[in-house]
Amino acid sequence: MRRVEDKIALVTGAARGIGLAIAKLLASEGATVILSDINDVLGEKSARDVAGNSEYRHLDVAVEAEWQALADDIEQKYGHLDIVINNAGITGFLETSGPHDPENLDMASWHKVHATNLEGVALGCKYAIKLMKASARASIVNISSRSGLVGIPAAVAYASSKAAVRNHSKSVALYCAEKGYPIRCNSIHPGAILTPMWDAMIGEGPQREAAIKAIAADVPLKVMGTPDDVAYAALYLASDESKYVTGIELNIDGGILAGSVAAPSK
Ligand SMILES: NC(=O)c1ccc[n+]([C@@H]2O[C@H](COP(=O)([O-])OP(=O)(O)OC[C@H]3O[C@@H](n4cnc5c(N)ncnc54)[C@H](O)[C@@H]3O)[C@@H](O)[C@H]2O)c1
């Protein structure tokens, strides 16, 4: 028996990076995985690379009408959901004009980051709850960040949105418990995981390796993490192995939050 055998899972922002690693691991452990993203070309390709049962569906997590349409389709096709990984997120460095420091911040950029990172997760939880009541045992996993627990002077919208995700996850966990729903909700807090999200910060070419080394030097374990490091945490929280776990925050950060004040901009 694999760890999430026969469960139906939805992963947002699954075209690449951490979301794709989670989708691949869930599928390899027996789940049917719906990968979703706004990057449809890459998303379709990534879904084909997933060994196991999977399909790709377009979903902009910030748009409620798209959640409603996908939820209707999932209900019709599968009847319910067992696992939702609310993973899609942006720093805003590439997607908005900024600036992102607290003194000069651009409010349109602030709103765009919150619409994706926070409202996207709130909508993900809303539609997950609707689809999970018919599950025997369901789990929502929200991908927050180390930046949801400590401040980031150069990325205040990102840090604020991720802090709100941390708190919202606990409200959802308690709400579902109070209602007697078979739904748990937890947050994961990655830090310094090498994915395409870092490209805007570490650049290309010869300086890339030096930049990665500099970031790793500030991590207590002295390496950047991999998407699989986060995927294994998501697998645990998604599976019934964590059936007594709700409302927790799980740090996957090489020890950064144990006390170091390393910041990505260093
Ligand atoms: N990489 C890290 O070090 C790190 C650290 C802390 C938290 N995180 C969080 O982990 C999650 C995944 O990050 P990653 O590093 O894999 O990033 P990534 O940029 O490599 O991948 C993010 C994916 O989300 C998709 N996306 C962006 N906006 C979307 C939207 N509105 N709707 C649907 N999909 C959308 C992108 O197309 C992309 O495929 C994010 O929430 C991020 O904030 C990452």
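Quick note: the coordinates plus some simple rules give every number you see, no bench work behind them. As the structure is a prediction and not an experimental result, all values here were calculated from the model. Reconstructed Cβ throughout: ideal geometry from the backbone, glycine too, with neighbour counts over all protein chains shown.
Key figures for this structure:
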| read-out | value |
| --- | --- |
| Length gained when the stretch Tyr181-Glu55 is fully extended (0.36 nm per residue, less Cα-Cα span) | 42.6 nm |
| Inter-site label distance for Leu105 and Asn167 at 7 Å from Cα along Cβ, in nm | 1.3 |
| Nearest-0.05 FRET efficiency for Asp73 and Leu94, computed from C-beta distance (R0 25 Å) | 0.25 |
| Computed lengthening from Glu64 to Leu42, 0.36 nm per intervening residue step minus Cα-Cα distance | 5.7 nm |
| Sequence of Tyr127, Tyr158, Tyr175 once ranked by neighbouring C-beta atoms within 10 Å, starting from the fewest | Tyr175, Tyr127, Tyr158 |
| The range 71-229 - percent relative contact order, Cα under 8 Å, separation 6 or more | 23 |
| Relative exposure of Val33, Val41, judged by other C-beta atoms within 10 Å (fewest first) | Val41, Val33 |
| Summed residue charge, Cβ within 14 Å of Gly225's Cβ, Lys/Arg positive, Asp/Glu negative | -2 |
| Calculated [θ] (222 nm, deg cm²/dmol) that DSSP helices of n ≥ 4 give over the chain, each run adding -39,500 (n - 2.57) | -13000 deg cm²/dmol |
